[in-house]
Amino acid sequence: MRTYLLPESGNFYKANLHCHSTFSDGKLTPEEIKRIYMEQGYSIVAYTDHNIMIPHQELRDENFLPLNGFEGDFNESAATIDPNLGTIRCCHICFISPEEHNPRQLCWHRSEYLFHGNNKENSKYVNFDENEPDYVRYYTPESINDYIAHFRDAGFFITYNHPTWSLENYREYSHYEGMDAMEICNYGCYAGGFDEENSHCYDDLLRQGKRIGCIGADDNHNHSPRDSARWDSCGAWTCIKAPELTYDAVFAALKRGDYYASRGPVIDELYFEEGKVIIKCSPAKRIALHTGWRRADIRMNRDGRLLTEAIFDVQPRDKYIRISVTDGEGNPAHTKAYFLDQLGY
Ligand SMILES: [Zn+2]
Ligand SMILES: [Zn+2]
(Lines give C-alpha, C1' and ligand atoms only; values in the text may rest on other atoms or scores of the structure.)
(Ligands and ions follow the chains in the order given, each with its own letter.)
Protein backbone atom coordinates (compact mmCIF):
# COMPACT_ATOMS: atom_id res chain seq x y z
CA MET A 1 0.00 0.00 0.00
CA ARG A 2 1.22 3.48 -0.87
CA THR A 3 1.00 6.22 1.76
CA TYR A 4 1.40 9.73 0.36
CA LEU A 5 3.42 11.85 2.76
CA LEU A 6 2.83 14.95 0.64
CA PRO A 7 -0.77 14.65 -0.64
CA GLU A 8 -1.21 13.10 -4.07
CA SER A 9 -3.79 15.67 -5.17
CA GLY A 10 -3.92 19.44 -4.84
CA ASN A 11 -1.54 22.23 -5.86
CA PHE A 12 1.73 23.43 -4.40
CA TYR A 13 1.61 27.08 -3.34
CA LYS A 14 4.81 28.96 -2.56
CA ALA A 15 4.59 30.82 0.75
CA ASN A 16 6.58 33.19 2.91
CA LEU A 17 5.32 32.52 6.43
CA HIS A 18 7.31 35.22 8.26
CA CYS A 19 7.40 38.82 7.09
CA HIS A 20 7.71 42.38 8.46
CA SER A 21 6.19 45.47 6.87
CA THR A 22 5.91 49.19 7.62
CA PHE A 23 3.33 48.25 10.28
CA SER A 24 6.29 47.39 12.53
CA ASP A 25 9.98 47.70 11.58
CA GLY A 26 9.97 46.59 7.92
CA LYS A 27 10.86 48.96 5.09
CA LEU A 28 8.15 47.92 2.59
CA THR A 29 4.40 48.37 2.72
CA PRO A 30 2.19 45.27 2.63
CA GLU A 31 1.32 46.13 -1.01
CA GLU A 32 4.99 46.37 -2.03
CA ILE A 33 5.65 43.02 -0.35
CA LYS A 34 2.78 41.44 -2.28
CA ARG A 35 4.20 42.74 -5.59
CA ILE A 36 7.78 41.53 -4.93
CA TYR A 37 6.66 38.07 -3.87
CA MET A 38 4.16 37.58 -6.67
CA GLU A 39 6.89 38.47 -9.18
CA GLN A 40 8.89 35.54 -7.76
CA GLY A 41 6.05 33.04 -8.06
CA TYR A 42 4.65 33.23 -4.53
CA SER A 43 0.93 32.85 -3.86
CA ILE A 44 0.95 33.30 -0.07
CA VAL A 45 2.48 35.74 2.41
CA ALA A 46 1.81 35.60 6.14
CA TYR A 47 2.09 39.17 7.43
CA THR A 48 3.69 38.68 10.83
CA ASP A 49 4.64 42.11 12.11
CA HIS A 50 6.11 42.25 15.60
CA ASN A 51 3.56 41.84 18.38
CA ILE A 52 0.55 43.28 16.51
CA MET A 53 -1.74 41.20 14.31
CA ILE A 54 -3.11 43.41 11.54
CA PRO A 55 -4.96 41.66 8.72
CA HIS A 56 -4.25 42.70 5.12
CA GLN A 57 -7.15 40.93 3.44
CA GLU A 58 -7.64 43.97 1.17
CA LEU A 59 -4.68 42.51 -0.78
CA ARG A 60 -6.53 39.26 -1.47
CA ASP A 61 -7.15 38.30 -5.08
CA GLU A 62 -7.54 35.01 -6.94
CA ASN A 63 -3.75 34.53 -7.18
CA PHE A 64 -2.66 35.92 -3.82
CA LEU A 65 -3.59 34.94 -0.28
CA PRO A 66 -2.48 37.05 2.71
CA LEU A 67 -2.46 35.18 6.02
CA ASN A 68 -3.15 36.97 9.32
CA GLY A 69 -0.38 36.68 11.86
CA PHE A 70 2.17 38.31 14.11
CA GLU A 71 5.51 37.54 15.75
CA GLY A 72 5.54 37.54 19.54
CA ASP A 73 8.79 38.05 21.41
CA PHE A 74 10.04 37.13 24.85
CA ASN A 75 13.23 38.85 25.90
CA GLU A 76 15.59 37.99 28.69
CA SER A 77 15.75 40.74 31.29
CA ALA A 78 19.08 42.45 31.83
CA ALA A 79 19.20 41.06 35.37
CA THR A 80 19.35 37.46 34.13
CA ILE A 81 21.80 37.81 31.24
CA ASP A 82 24.17 34.89 30.91
CA PRO A 83 27.57 36.49 31.61
CA ASN A 84 29.19 34.13 29.10
CA LEU A 85 27.04 35.52 26.32
CA GLY A 86 26.96 39.14 27.44
CA THR A 87 23.83 39.84 25.47
CA ILE A 88 20.12 39.31 25.74
CA ARG A 89 18.65 36.01 24.66
CA CYS A 90 15.11 35.87 23.35
CA CYS A 91 12.43 33.58 22.03
CA HIS A 92 10.47 34.64 18.93
CA ILE A 93 7.36 32.81 17.82
CA CYS A 94 5.07 33.41 14.84
CA PHE A 95 1.34 32.92 15.28
CA ILE A 96 -0.92 32.61 12.23
CA SER A 97 -4.63 32.94 12.89
CA PRO A 98 -7.23 30.43 11.69
CA GLU A 99 -9.60 33.40 11.26
CA GLU A 100 -9.65 35.05 7.85
CA HIS A 101 -11.80 37.96 8.98
CA ASN A 102 -11.44 40.07 12.10
CA PRO A 103 -8.81 37.85 13.75
CA ARG A 104 -8.70 38.28 17.52
CA GLN A 105 -5.34 38.88 19.19
CA LEU A 106 -5.11 37.03 22.49
CA CYS A 107 -2.95 37.82 25.52
CA TRP A 108 -2.90 41.50 24.62
CA HIS A 109 -1.15 44.19 26.65
CA ARG A 110 -2.36 47.76 26.02
CA SER A 111 0.98 49.49 26.54
CA GLU A 112 3.88 47.00 26.63
CA TYR A 113 5.75 45.18 23.84
CA LEU A 114 5.18 47.93 21.27
CA PHE A 115 8.81 48.88 20.69
CA HIS A 116 9.36 47.67 17.11
CA GLY A 117 9.28 50.44 14.51
CA ASN A 118 5.74 51.68 13.96
CA ASN A 119 4.16 49.26 16.46
CA LYS A 120 2.72 51.87 18.76
CA GLU A 121 0.80 53.92 16.20
CA ASN A 122 -0.60 50.80 14.51
CA SER A 123 -1.68 49.12 17.75
CA LYS A 124 -5.03 50.94 17.40
CA TYR A 125 -5.93 48.46 14.63
CA VAL A 126 -5.52 45.41 16.89
CA ASN A 127 -8.72 43.51 17.66
CA PHE A 128 -8.62 42.29 21.26
CA ASP A 129 -11.06 41.52 24.07
CA GLU A 130 -11.62 44.76 26.04
CA ASN A 131 -12.67 42.73 29.07
CA GLU A 132 -9.37 40.90 29.35
CA PRO A 133 -6.67 42.30 31.65
CA ASP A 134 -3.22 43.17 30.28
CA TYR A 135 -1.12 40.04 29.73
CA VAL A 136 2.46 40.20 31.02
CA ARG A 137 5.23 38.09 29.43
CA TYR A 138 8.44 36.79 30.99
CA TYR A 139 11.42 35.05 29.42
CA THR A 140 10.77 31.79 31.24
CA PRO A 141 9.59 28.45 29.82
CA GLU A 142 6.46 28.68 31.99
CA SER A 143 5.45 32.09 30.67
CA ILE A 144 6.31 31.20 27.06
CA ASN A 145 4.35 27.94 27.26
CA ASP A 146 1.35 29.65 28.86
CA TYR A 147 1.28 32.20 26.05
CA ILE A 148 1.60 29.47 23.37
CA ALA A 149 -1.18 27.44 25.03
CA HIS A 150 -3.69 30.31 24.67
CA PHE A 151 -3.06 30.51 20.93
CA ARG A 152 -2.91 26.76 20.50
CA ASP A 153 -6.33 26.40 22.15
CA ALA A 154 -7.65 28.98 19.68
CA GLY A 155 -6.32 26.91 16.76
CA PHE A 156 -3.42 29.11 15.60
CA PHE A 157 -0.50 27.76 13.51
CA ILE A 158 2.58 28.34 15.65
CA THR A 159 6.25 28.35 14.61
CA TYR A 160 9.47 28.60 16.60
CA ASN A 161 11.77 31.12 14.92
CA HIS A 162 15.50 31.56 14.31
CA PRO A 163 17.04 29.80 17.36
CA THR A 164 20.55 30.70 16.15
CA TRP A 165 19.89 34.47 16.05
CA SER A 166 18.05 34.21 19.38
CA LEU A 167 21.11 32.57 21.00
CA GLU A 168 18.92 29.76 22.25
CA ASN A 169 20.18 26.24 22.82
CA TYR A 170 18.75 22.89 23.89
CA ARG A 171 18.55 24.07 27.51
CA GLU A 172 16.00 26.67 26.36
CA TYR A 173 14.11 25.26 23.37
CA SER A 174 13.70 21.76 24.79
CA HIS A 175 11.21 23.28 27.28
CA TYR A 176 8.91 24.86 24.70
CA GLU A 177 5.68 22.99 24.08
CA GLY A 178 2.84 23.25 21.61
CA MET A 179 4.53 24.53 18.44
CA ASP A 180 3.39 23.26 15.04
CA ALA A 181 6.73 23.80 13.30
CA MET A 182 10.12 25.46 13.51
CA GLU A 183 12.16 27.50 11.06
CA ILE A 184 14.75 25.10 9.66
CA CYS A 185 15.91 28.08 7.61
CA ASN A 186 15.38 31.75 8.36
CA TYR A 187 16.69 33.62 5.33
CA GLY A 188 16.75 37.09 6.89
CA CYS A 189 19.17 35.89 9.55
CA TYR A 190 21.13 33.87 6.95
CA ALA A 191 21.45 36.93 4.69
CA GLY A 192 22.71 38.86 7.71
CA GLY A 193 25.54 36.33 8.20
CA PHE A 194 24.03 34.02 10.81
CA ASP A 195 24.28 30.25 10.37
CA GLU A 196 20.51 29.98 10.45
CA GLU A 197 20.31 26.44 9.04
CA ASN A 198 18.77 24.67 11.97
CA SER A 199 18.71 20.95 11.10
CA HIS A 200 20.46 20.11 14.35
CA CYS A 201 17.88 21.97 16.44
CA TYR A 202 15.11 20.27 14.47
CA ASP A 203 16.52 16.80 15.20
CA ASP A 204 16.95 17.78 18.88
CA LEU A 205 13.24 18.56 19.13
CA LEU A 206 12.20 15.47 17.16
CA ARG A 207 14.37 13.15 19.24
CA GLN A 208 12.69 14.63 22.31
CA GLY A 209 9.46 13.30 20.80
CA LYS A 210 8.05 16.62 19.62
CA ARG A 211 6.09 15.95 16.45
CA ILE A 212 6.58 19.20 14.65
CA GLY A 213 7.15 20.28 11.07
CA CYS A 214 9.86 22.46 9.58
CA ILE A 215 9.41 25.54 7.42
CA GLY A 216 11.59 27.93 5.44
CA ALA A 217 10.80 31.64 5.78
CA ASP A 218 12.35 35.00 4.96
CA ASP A 219 11.67 37.11 8.06
CA ASN A 220 12.25 39.95 5.61
CA HIS A 221 12.65 43.55 6.78
CA ASN A 222 14.02 44.85 3.42
CA HIS A 223 16.37 47.48 4.82
CA SER A 224 19.23 46.60 2.46
CA PRO A 225 19.29 47.29 -1.31
CA ARG A 226 17.81 44.64 -3.54
CA ASP A 227 21.14 43.92 -5.26
CA SER A 228 23.07 43.48 -2.00
CA ALA A 229 23.98 40.24 -0.19
CA ARG A 230 21.81 41.37 2.71
CA TRP A 231 18.59 41.62 0.68
CA ASP A 232 16.33 39.34 2.69
CA SER A 233 13.34 38.53 0.47
CA CYS A 234 12.53 35.39 -1.55
CA GLY A 235 15.45 33.35 -0.19
CA ALA A 236 13.66 30.63 1.84
CA TRP A 237 10.09 29.50 1.49
CA THR A 238 7.51 26.87 2.33
CA CYS A 239 5.66 24.97 -0.40
CA ILE A 240 2.19 24.14 0.85
CA LYS A 241 0.09 21.52 -0.91
CA ALA A 242 -3.59 22.36 -0.66
CA PRO A 243 -6.71 21.67 -2.73
CA GLU A 244 -7.23 25.37 -3.50
CA LEU A 245 -5.95 28.84 -2.71
CA THR A 246 -8.46 29.75 -0.03
CA TYR A 247 -7.74 30.80 3.54
CA ASP A 248 -9.42 27.75 5.05
CA ALA A 249 -7.85 25.20 2.66
CA VAL A 250 -4.34 26.60 3.07
CA PHE A 251 -4.64 26.96 6.83
CA ALA A 252 -5.88 23.36 7.15
CA ALA A 253 -2.94 22.15 5.01
CA LEU A 254 -0.54 23.96 7.35
CA LYS A 255 -2.11 22.36 10.42
CA ARG A 256 -1.98 18.92 8.76
CA GLY A 257 1.69 19.37 7.86
CA ASP A 258 1.25 19.20 4.08
CA TYR A 259 4.34 21.23 3.16
CA TYR A 260 8.11 21.23 2.81
CA ALA A 261 10.80 23.89 3.29
CA SER A 262 13.18 25.07 0.56
CA ARG A 263 15.89 27.47 -0.47
CA GLY A 264 15.98 26.10 -4.03
CA PRO A 265 15.00 22.49 -4.80
CA VAL A 266 11.45 21.51 -5.73
CA ILE A 267 9.99 18.34 -4.24
CA ASP A 268 7.35 16.86 -6.53
CA GLU A 269 6.41 13.65 -4.77
CA LEU A 270 7.02 11.96 -1.45
CA TYR A 271 5.49 8.65 -0.46
CA PHE A 272 6.04 5.49 1.55
CA GLU A 273 5.53 2.06 0.02
CA GLU A 274 6.51 -1.46 1.11
CA GLY A 275 9.12 -0.40 3.64
CA LYS A 276 10.67 2.28 1.45
CA VAL A 277 10.35 6.03 1.18
CA ILE A 278 10.46 7.50 -2.33
CA ILE A 279 11.19 11.14 -3.17
CA LYS A 280 11.01 12.79 -6.62
CA CYS A 281 12.51 16.24 -6.99
CA SER A 282 14.21 18.79 -9.23
CA PRO A 283 17.83 17.93 -10.20
CA ALA A 284 19.85 17.44 -7.02
CA LYS A 285 23.48 16.86 -6.17
CA ARG A 286 22.73 15.07 -2.92
CA ILE A 287 19.65 13.48 -1.37
CA ALA A 288 19.98 12.35 2.25
CA LEU A 289 17.81 10.43 4.68
CA HIS A 290 17.90 11.40 8.36
CA THR A 291 16.43 9.30 11.15
CA GLY A 292 15.75 9.46 14.87
CA TRP A 293 18.82 7.48 15.83
CA ARG A 294 22.38 7.04 14.53
CA ARG A 295 21.49 5.99 11.02
CA ALA A 296 21.51 8.06 7.87
CA ASP A 297 21.70 7.29 4.16
CA ILE A 298 22.67 9.17 1.03
CA ARG A 299 22.28 9.15 -2.75
CA MET A 300 24.88 11.09 -4.72
CA ASN A 301 26.84 10.52 -7.91
CA ARG A 302 30.57 11.04 -7.52
CA ASP A 303 30.80 12.02 -11.20
CA GLY A 304 28.51 14.99 -10.59
CA ARG A 305 25.46 13.69 -12.46
CA LEU A 306 22.36 15.08 -10.80
CA LEU A 307 19.54 12.98 -9.34
CA THR A 308 15.80 13.47 -9.60
CA GLU A 309 14.70 10.55 -7.44
CA ALA A 310 15.84 8.57 -4.43
CA ILE A 311 14.55 5.45 -2.71
CA PHE A 312 15.54 4.70 0.87
CA ASP A 313 14.82 1.74 3.15
CA VAL A 314 12.97 2.60 6.32
CA GLN A 315 13.87 0.50 9.36
CA PRO A 316 11.73 -0.15 12.44
CA ARG A 317 14.32 1.48 14.73
CA ASP A 318 14.31 4.74 12.76
CA LYS A 319 11.59 6.34 14.97
CA TYR A 320 11.15 9.03 12.33
CA ILE A 321 12.49 9.81 8.88
CA ARG A 322 13.06 13.07 7.07
CA ILE A 323 14.82 13.85 3.80
CA SER A 324 16.99 16.74 2.69
CA VAL A 325 17.71 17.56 -0.96
CA THR A 326 20.65 19.73 -2.05
CA ASP A 327 20.78 21.23 -5.53
CA GLY A 328 23.88 21.89 -7.67
CA GLU A 329 24.30 25.34 -6.11
CA GLY A 330 24.29 23.94 -2.58
CA ASN A 331 20.77 25.14 -1.71
CA PRO A 332 18.77 22.76 0.50
CA ALA A 333 15.16 21.66 0.74
CA HIS A 334 13.80 19.74 3.72
CA THR A 335 10.79 17.52 4.16
CA LYS A 336 9.27 17.56 7.58
CA ALA A 337 9.79 14.50 9.77
CA TYR A 338 7.35 11.60 9.61
CA PHE A 339 7.17 9.29 12.61
CA LEU A 340 6.94 5.61 11.76
CA ASP A 341 3.42 5.12 13.09
CA GLN A 342 2.29 7.92 10.75
CA LEU A 343 3.58 5.82 7.87
CA GLY A 344 1.49 2.87 8.99
CA TYR A 345 4.77 1.02 9.54
ZN1 LIG B 1 12.23 37.28 15.16
ZN1 LIG C 1 10.70 38.34 12.41
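Carbon-plus-sulfur fraction of the accessible area of the chain, 1.4 Å probe, in percent?
47 percent
Count of lysine pairs in the chain with Cα atoms under 23 Å apart, counting only pairs 8 or more residues apart in sequence or on different chains?
Number of lysine pairs found: 27.
With a 1.4 Å probe and every protein chain left in place, tell me how much accessible area W165 has, in Å² to the nearest 10.
110 Å²
Pick out, from G330, P316, N16, the residue whose Cα sits farthest towards the positive end of the charge dipole of the chain, with +1 on the Cβ of Lys and Arg and -1 on the Cβ of Asp and Glu.
Of the listed residues, the answer is P316.
Going by accessible area, probe 1.4 Å, with all protein chains left in place, what is the ranking of M182, M38, largest first?
Numbers: M182 0, M38 65 Å².
These residues rank, largest area first, as M38, M182.
Rounding to the nearest 20 debye, state how big the charge dipole of region 8-263 is about its Cα centre with +1 on each Lys and Arg Cβ and -1 on each Asp and Glu Cβ. It would help to have the intermediate numbers written out before the result.
Numbers: 22 positive and 41 negative charges, 58 e Å.
For region 8-263, the charge dipole is close to 280 debye.
For a quick check of understanding: with a 1.4 angstrom probe and all protein chains in place, what accessible area in square angstrom does K124 have, to the nearest ten?
Approximately 140 Å² of K124 is accessible to the 1.4 Å probe.
Using the scaling law 2.2 N^0.38 Å as the reference, what is the normalised Cα Rg of the chain?
0.98
Just the accessible area for T87, please: 1.4 Å probe, Å², rounded to the nearest 10?
60 Å²
Per residue, how much accessible area does the chain have with a 1.4 Å probe, in Å²?
43 Å²
Among C185, C107, C239, which one shows the highest mean-square fluctuation when the chain is modelled as a Gaussian network with alpha-carbon springs under 10 Å?
The residue that fluctuates most here is C107.
May I ask you to rank L65, L307 by accessible area, largest first, using a 1.4 Å probe over the protein chains only?
From most exposed to least exposed: L307, L65.
For V136, V277, give me the order by solvent-accessible area with a 1.4 Å probe, most accessible first, ignoring ligands, DNA and RNA.
Numbers: V136 70, V277 0 Å².
Result, largest first: V136, V277.
The values are calculated or read from the model by the stated rules, or taken from the named source; none is laboratory data. The structure displayed is predicted, hence computed values, not measured ones. Ideal geometry is used to build each Cβ from the backbone, glycine not excepted, and the neighbour counts take in all protein chains shown. We work out accessible area using only protein heavy atoms, side chains counted, and drop any ligands, DNA or RNA first. Shrake-Rupley method; radii C 1.70, N 1.55, O 1.52, S 1.80 Å.
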